[in-house]
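The structure under discussion appears below in the form of structure tokens.
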């Protein structure tokens, strides 16, 4: 039996990876909030809008798989059968995938308005390195 070594990433990296997966899968309005020192709920929220229930569930599955491979199992997943809101709870990172209507209604960015936004887009140099190694 061969054991594969898990490359554990930080919770910040997990939130950024969730945002990048969402971007690659054409989610919209992607935001990562740094809640450390602001809220006991989690260290990071990754929030984005899906275009359909099927897309939201697919993105959630991919994020859960990526988290597990990086040493972070989702403690709880809710709403996979919903076309409105899917939530993945990794304890220190909570991923919210909304449809457009519920994203506006719950407006988590307004509720957590004091939280700094985390830059999750790849910088040009990093993107070039990634393309060369793929």
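Here, each number is a calculation from the coordinates, and none is a lab measurement. Since this is a predicted model, take the numbers as computed values, not measurements. Cβ atoms come from the backbone with ideal geometry, glycine included; neighbour counts cover every protein chain shown.
Test residue 7 against the stated conditions and say whether it is assigned to a loop (DSSP other than H, G, I, E, B) and closer than 14 Å to residue 117 by Cα.
Taking the combined requirement at face value, the residue does not satisfy it.
A quick yes/no check of all residues on (1) in contact (Cβ under 8 Å) with a residue 60 or more places away in the chain; (2) under 15 Å from the mean Cα position of the chain (by Cα):
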site	(1), (2)
18	yes, yes
33	yes, yes
38	yes, no
41	no, no
47	yes, yes
52	no, no
98	no, yes
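Would you confirm, using the coordinates I've provided, whether residue 86 is touching a strand residue (DSSP E or B) at 6+ places or on another chain (Cβ under 6 Å), assigned to a strand (DSSP E or B), over 17 Å from residue 23 (Cα atoms) and without any contact (Cβ under 8 Å) to a residue 60 or more places away in the chain?
Values: touching a strand residue (DSSP E or B) at 6+ places or on another chain (Cβ under 6 Å): yes; assigned to a strand (DSSP E or B): yes; over 17 Å from residue 23 (Cα atoms): no; without any contact (Cβ under 8 Å) to a residue 60 or more places away in the chain: yes.
So residue 86 does not fit the description; no.
Quick test for you: out of 74, 42, pick the one residue that is touching a strand residue (DSSP E or B) at 6+ places or on another chain (Cβ under 6 Å) and either part of a strand (DSSP E or B) or within 20 Å of residue 120 (Cα to Cα) (or both).
Matching residue, one of 74, 42: 42.
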